[in-house]
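K.L.:
What follows is a single structure, and I will ask about it in a moment.
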Amino acid sequence: MNFEKNNGTAGSRLLAMAIAAALSAPALAQTEAVDETGEDIMLEEVLVTAQKREQSALDVPVTVNVFSAAQIEKTGALVMADIDHYIPGFEVGPSSTQAPIRVRGVSSSNISTGGDPSVAIFYDEVYIPRAASQMAFSDMARVEVLKGPQGTLYGRNAAAGVVNMVPNQPGDFNEGFVRVRLGDYSLWRVEAMGNMVVNDSFSLRGNFLTNNQDGYVTNTENNKDPGTAKNVTARLAGLWTISDATQLQLSWDYDKVDNVSRGAHGISEWAACPDDPFCGRVSNDAFGNKEERDMSAFTGKLFHDHSDKLSSKLIMSYRAFETVNVEDSDGT
């Protein structure tokens, strides 16, 4: 009996020592990590605005996935539908004006222009409707996907989650870039950005993106091939530092989509390929056969720090858009 008792105590001590060593190992590895050249490796802090203020992702008690600017550039993502494969539990439909958005399997069945989804979409802290959600990622700092109900901070239409698109704000140094991307189906994309410090209290930042790509399916009825895409996006923002505690930002956004609507594959004898839906041809004769959106927005944001622990933010925005979606239904 005594042997079993002592053996159990020793085993408990060994187990406790093993758990303590396991818990301390990651911290030790993080602080003493070095690269191939022997230099210390510093892990980059991920900042998010999931709680309406900029915080470290480790301090936010919300399940949030961040798709950074570096990931957008590396993957060539243009809109939200291009990043859902990289974020678990997040799905976006292919449409540019009626895309269904799903988080953890929850979505809204309403796909009309006036119907709001179960996932709230925000751009620069301003709510945008479903028809305007597929905005091009031009000079975007990051895209945050918050999972689970977020109605406390984001209001209605956030039962399943929130997508927060955060564009880069005017900075306090001069910089700029021009990028050109070429790809299959005659893809060509040009993006430019410039940030200028006008004086000690005012900075101006502007960006422009144009994207063109041919269709990936041939339409035998007309020259409107499904997959044909044209995007033009621009933004101009100015930041005025009124005092050490007060800042005013004014911005103008423009986003235009001129796509051919998605194709319909028929299975009757009048379809392009009744026996092979993967033949690469469709017979879509809908008049117009297009998916367009023309949108512009003006936003004003006033920031004021009352003390080290209290700050306020006033946001006013006006957004107007026109959208058209005409697509074939039977593929014949």
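K.L.:
Taking strands (runs of 3 or more DSSP E) that fall entirely within region 39-128, which contain at least 2 residues that are within 23 Å of Ile315 (Cα to Cα) and at pLDDT 85 or above? Break it down stepwise before answering.
P.N.:
Working: elements: 64-68, 90-92, 101-103, 119-123, 126-128.
Filter on region 39-128 gives 119-123, 126-128.
K.L.:
Restricting to region 180-204, name every residue that is within 24 Å of the chain's Cα centre (by Cα) and either in contact (Cβ under 8 Å) with a residue 60 or more places away in the chain or more than 22 Å from Val79 (Cα to Cα) (or both).
P.N.:
Across region 180-204, the qualifying residues are Arg181, Gly183, Arg189, Asn195, Leu204.
K.L.:
Further, regarding this structure: Residues to consider are Gly263, Gly238, Gly300; find the one that is assigned to a loop (DSSP other than H, G, I, E, B) and of a type outside the set (Lys, Arg). Before the answer, list the steps.
P.N.:
Details: Gly238 fails: assigned to a loop (DSSP other than H, G, I, E, B); Gly300 fails: assigned to a loop (DSSP other than H, G, I, E, B).
Matching residue, one of Gly263, Gly238, Gly300: Gly263.
K.L.:
Something else: So, in region 215-230, how many residues would count as being open to solvent by 50 Å² or more (accessible area, probe 1.4 Å), touching a strand residue (DSSP E or B) at 6+ places or on another chain (Cβ under 9 Å) and within 15 Å of Arg281 (Cβ to Cβ)? Break it down into steps so the answer makes sense when it comes.
P.N.:
The first filter runs over region 215-230 and keeps only residues open to solvent by 50 Å² or more (accessible area, probe 1.4 Å), leaving 216, 218, 220-224, 230.
With touching a strand residue (DSSP E or B) at 6+ places or on another chain (Cβ under 9 Å) added as a condition, the list becomes 218, 220-221, 224, 230.
Now drop any that are not within 15 Å of Arg281 (Cβ to Cβ), which leaves 218, 220-221, 224.
Qualifying residue count, region 215-230: 4.
K.L.:
Residues that are in a loop (DSSP other than H, G, I, E, B), more than 25 Å from Ala136 (Cβ to Cβ), at pLDDT below 90 and not acidic (Asp, Glu): does region 319-331 have at least one? So that I can check it myself, show each step before the final result.
P.N.:
We begin by selecting, within region 319-331, every residue in a loop (DSSP other than H, G, I, E, B); these are 327-331.
Still in the list and also more than 25 Å from Ala136 (Cβ to Cβ): 328-331.
Filter once more, so that each one left must be at pLDDT below 90: 328-331.
Remaining after also requiring not acidic (Asp, Glu): 329, 331.
Yes: one or more hits.
K.L.:
Can I ask one more? Do you know which of the residues in region 231-263 that are closer than 13 Å to Lys290 by Cα and more than 19 Å from the chain's Cα centre (by Cα) is surrounded by the most Cβ atoms within 10 Å (Cβ to Cβ)?
P.N.:
Val260
K.L.:
Follow-up question, since we're still on this one. Would you be able to tell me the number of residues in region 149-191 that are in a loop (DSSP other than H, G, I, E, B) and either open to solvent by 50 Å² or more (accessible area, probe 1.4 Å) or out of contact with any helix residue (DSSP H, G or I) (no Cβ under 9 Å at 6 or more places or on another chain) (or both)?
P.N.:
Our first condition is that a residue be in a loop (DSSP other than H, G, I, E, B); within region 149-191, this holds for 149-150, 155-160, 168-174, 184-186.
If we keep only those that are either open to solvent by 50 Å² or more (accessible area, probe 1.4 Å) or out of contact with any helix residue (DSSP H, G or I) (no Cβ under 9 Å at 6 or more places or on another chain) (or both) as well, we get 149-150, 155-156, 159-160, 169-174, 184-186.
Number of matching residues: 15.
K.L.:
Given the conditions (1) of a type in the set (A, V, I, L, M, F, W, C); (2) assigned to a loop (DSSP other than H, G, I, E, B); (3) buried (at least 16 other Cβ atoms within 10 Å of the Cβ), which single one is not true for Phe278?
P.N.:
That leaves (3) as the condition not met.
The values are calculated or read from the model by the stated rules, or taken from the named source; none is laboratory data. Quick caveat, the model's predicted, so the values are computed rather than measured. Neighbour counts run over all protein chains shown; Cβ positions are idealised from the backbone, glycine included. SASA here: full protein model, heavy atoms, side chains in, ligands and nucleic acids out. Shrake-Rupley method; radii C 1.70, N 1.55, O 1.52, S 1.80 Å.
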